[in-house]
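Each remark here refers to the structure printed beneath this line.
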Amino acid sequence: MKNYKGVTTKCVHSGDLIDDKFKGATSPLYPSTAYGYLDVEDDKYPRYFNTPNQLALSKKIAHLENCDSALLFGSGIAAIFTSLFSFLKSGDHVLFQSSLYGGTINLVVKEFKKFNIDYTFVESLEIKDFESELKANTKIIYIESPSNPLLEVIDLKKIALFSKKKNLISIIDNTFASPINQTPIDFGIDIVLHSATKYLGGHSDILAGTVASSFSNIKKITESSINYGGNLSEYTVWLLERSIKTLSLRVKAQNENAQKLAEFLENNKNVDLVFYPGLKSHPQHDLSKNQMKGFGGMMSFVLKNENKAADFTRHLKIIKAVMSLGGVESTITSPSLTSHSKLSKDQRKKYGISDGLLRFSVGIEDYDDLENDLTQAFNIL
Ligand SMILES: *Cc1c(COP(=O)(O)O)cnc(C)c1O
């Protein structure tokens, strides 16, 4: 057993495939979908999650999340869907935090009723409010922290304790934090999900998802997953492994840039509000300090002149107005023009989403270039 604990070393070395034949420095890629069945221990097939590259990368993910085991999926939503539906059956109930990734809300609202699965969105971060919505048939509690797009932070230790006391399965979408900034298993959360499309991939060129948990939970999810079939292609598995080698370096650079930019924006006369867990003004700043190792690269802020949000983003020259997040390049999105555009202005207001709100994914560029880019775009307002 190799002897290391550092997260950057894990990113580089955990679960790498050794190239015994040619002694190459990187993991070889085994793209086969067909494997021999004579004189072998198990039947290998990509949909069974047991091919060499999948097993190796799963080990890296599990090491990063400080748990036993992990699985890889073709998208974040495939990881979310499969995890939920591996445990749920007709007649069950799920407690959801209400501030969640829009695609997760769609999955629940559009699909659950078809399978006679009941749910409640809890519009609070307090345990007592989750407890008051608990039913005899509640099976799962599902959270996201920090959440999209307002960076709300929920108490992981309290959620885990509540979940254990009530015999529930606790699931967290850990995408915004990445395993570098937050390892929820350490606080007692059962299952950790990622859209690997974001920080784990990190270059805006991979669609993937991951699930990390105990051996027994992963065994149960594997049994259902084989029937659902949301696996990741071996080529993408290999590219994702390559990407994660720099995850720690990327995220640390993003944490540093984001902290400085959040402080810069908070002091800017064109900005009304900044939502970033690293700011003292964030309502859960102390909690974030306790449960996060870094505050992340995601923030959102509100322009004073809310009619200028589109113009402002159009004038940015380095920071790109594109929808995704977690890449090495800085990107900015208007939730009211994208993820929440189908809601009325009043409905958006209910979710705290004004037309001046911008979600900012901070990249690894040099800090001064990012600050200067924002400044020149503010000058047109
Ligand atoms: C993008 C995202 C997802 C969905 O992931 P896909 O890879 O797009 O399927 C889930 N949760 C969060 C927080 C996300 O940002």
Residues of the stretch 11-32 that turn out to be surrounded by 12 or more Cβ atoms within 10 Å (Cβ to Cβ) and either assigned to a loop (DSSP other than H, G, I, E, B) or not assigned by TED's automatic domain parsing to the domain that holds SER224 (or both), as a count: 12
Checking the conditions here, which among LYS345, LYS308, LYS304, LYS317 is more than 23 Å from LYS198 (Cβ to Cβ), touching a helix residue (DSSP H, G or I) at 6+ places or on another chain (Cβ under 7 Å) and not aromatic (Phe, Trp, Tyr)? LYS317
LEU57 is checked against (1) surrounded by fewer than 19 Cβ atoms within 10 Å (Cβ to Cβ); (2) in contact with a strand residue (DSSP E or B) (Cβ under 7 Å, 6 or more places away or on another chain) and fails just one. What number does that condition carry? (1)
So how many residues does the stretch 329-381 have that are touching a Gly at 6+ places or on another chain (Cβ under 6 Å) and more than 22 Å from ASN267 (Cβ to Cβ)? 2
Could you say which residue among LYS320, LYS293, LYS289 is under 24 Å from the mean Cα position of the chain (by Cα) and free of Cβ contacts under 8 Å to residues at least 12 places away in the same chain? LYS289
Condition first: under 18 Å from the mean Cα position of the chain (by Cα), closer than 22 Å to ASN148 by Cβ and basic (Lys, Arg). Can you find one or more residues in the stretch 238-251 that meet it? yes
Filtering the stretch 155-185 down to residues that are at negative phi, within 16 Å of the ligand (Cβ to nearest atom) and of a type outside the set (Val, Ile, Thr) yields LEU156, ASP173, ASN174, PHE176, ALA177, PRO179, ASN181, GLN182, PRO184
Considering every residue within the stretch 265-288, establish whether at least one is buried (at least 20 other Cβ atoms within 10 Å of the Cβ), in a helix (DSSP H, G or I) and touching a His at 6+ places or on another chain (Cβ under 8 Å). yes
Enumerate the helices (runs of 4 or more DSSP H) found wholly within the stretch 44-154, keeping only those where 3 or more residues are within 15 Å of the ligand (Cβ to nearest atom). 76-87, 102-111
Looking only at the stretch 188-195, decide whether some residue is touching a Gly at 6+ places or on another chain (Cβ under 6 Å), under 21 Å from LEU249 (Cβ atoms) and within 13 Å of the ligand (Cβ to nearest atom). yes
Residues of the stretch 364-379 being more than 19 Å from PRO335 (Cβ to Cβ) and either of a type outside the set (Val, Ile, Thr) or not assigned by TED's automatic domain parsing to the domain that holds MET299 (or both), which ones? GLU365, ASP366, TYR367, ASP368, ASP369, LEU370, GLU371, ASN372, ASP373, GLN376, PHE378, ASN379
Can you tell me which residues in the stretch 204-227 are within 14 Å of the ligand (Cβ to nearest atom) and surrounded by fewer than 24 Cβ atoms within 10 Å (Cβ to Cβ)? SER204, ASP205, ILE206, LEU207
Criterion (of a type outside the set (D, E, K, R), free of Cβ contacts under 8 Å to residues at least 60 places away in the same chain, closer than 24 Å to LEU168 by Cβ and buried (at least 19 other Cβ atoms within 10 Å of the Cβ)) met by exactly one of VAL94, VAL109: VAL94
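Here's the yes/no breakdown for (1) in a helix (DSSP H, G or I); (2) at pLDDT below 95:
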| position | (1), (2) |
| --- | --- |
| ASN307 | yes, yes |
| ALA310 | yes, yes |
| THR313 | yes, no |
| GLY327 | no, no |
| SER336 | no, yes |
| ARG348 | yes, yes |
| GLU365 | no, no |
| LEU370 | yes, no |
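The values are calculated or read from the model by the stated rules, or taken from the named source; none is laboratory data. Only a predicted model underlies this, so the values are computations on that prediction, with no experimental measurement involved. Reconstructed Cβ throughout: ideal geometry from the backbone, glycine too, with neighbour counts over all protein chains shown.
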